[in-house]
1. Between GLN144 and ALA97, what FRET efficiency follows from the Cβ-Cβ distance if R0 is 35 Å, with the result rounded to 0.05?
2. Can you give the FRET efficiency to the nearest 0.05 for LYS137 and ALA82, using r as the Cβ-Cβ distance and R₀ = 35 Å?
3. Calculate, for ASP55 and ALA89, the FRET efficiency according to 1/(1 + (r/R0)^6) with r their C-beta to C-beta distance and R0 25 Å; round to the nearest 0.05.
4. Please report, to one decimal in angstroms, the Kirkwood hydrodynamic radius of the stretch 134-174 built from all distinct Cα-Cα pairs.
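All of the numbers you see were taken from the coordinates with simple rules; none came from a lab. Here the structure is a predicted model, which is why all the values come from computation and not from measurement. Positions of Cβ are backbone-derived with ideal geometry, glycine not excepted, and every protein chain shown enters the neighbour counts.
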Amino acid sequence: MPKPRSPAVSYTNALGQTSTDKRIEILRLIGRSGSISQAGRDAGVSYKAAWQAIDTLTNLAGVALVERLVGGAGGGGASVTAAGQHLLAMADELEQARSSVLARFQQQGSALQATGTSPALAQFQVRTSMRNQLPCKVLALDLQGQIVRVRLQLAGGAVLVSRITVESAELLGL
């Protein structure tokens, strides 16, 4: 796993949008199973995608979140570091706060959709692997080897085409 470039710890960057962020889920599953490959299987992604998720979180946090144990009779394993445990605790607290805010708005009779999420908050539930975001609709996915070509339509009607890895497509739930 690559070493983070910045010595500054930034848990807020690593926390993503909600606890349903696949990267947070994979980190939590590594803590439960002690295995990156098992966490990937449990999350429904490949081993490579699970590693990519942990690398992304590590780079965003600026501190190691998983310690990899290499080799041995059992084939090694992985453990969540103290910083990783702290990140998971913060993610849990943020989700509780988010749920509390949504419940308060529901009680006040705000116009929530059938899913229980207001249109203004719906954009915060999107899984993302980048910091710069444009709200858009996925029009088509085209698998080209290890690359997925994604056609996106912006709110104004403009169409974008993006190329992402298969692992990124898995992590984004495409």
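1. 0.25
2. 0.30
3. Numbers: r = 21 Å, r/R0 = 0.85.
Using R0 = 25 Å, I get an efficiency of 0.70.
4. Roughly 10.4 Å, rounded to one decimal.
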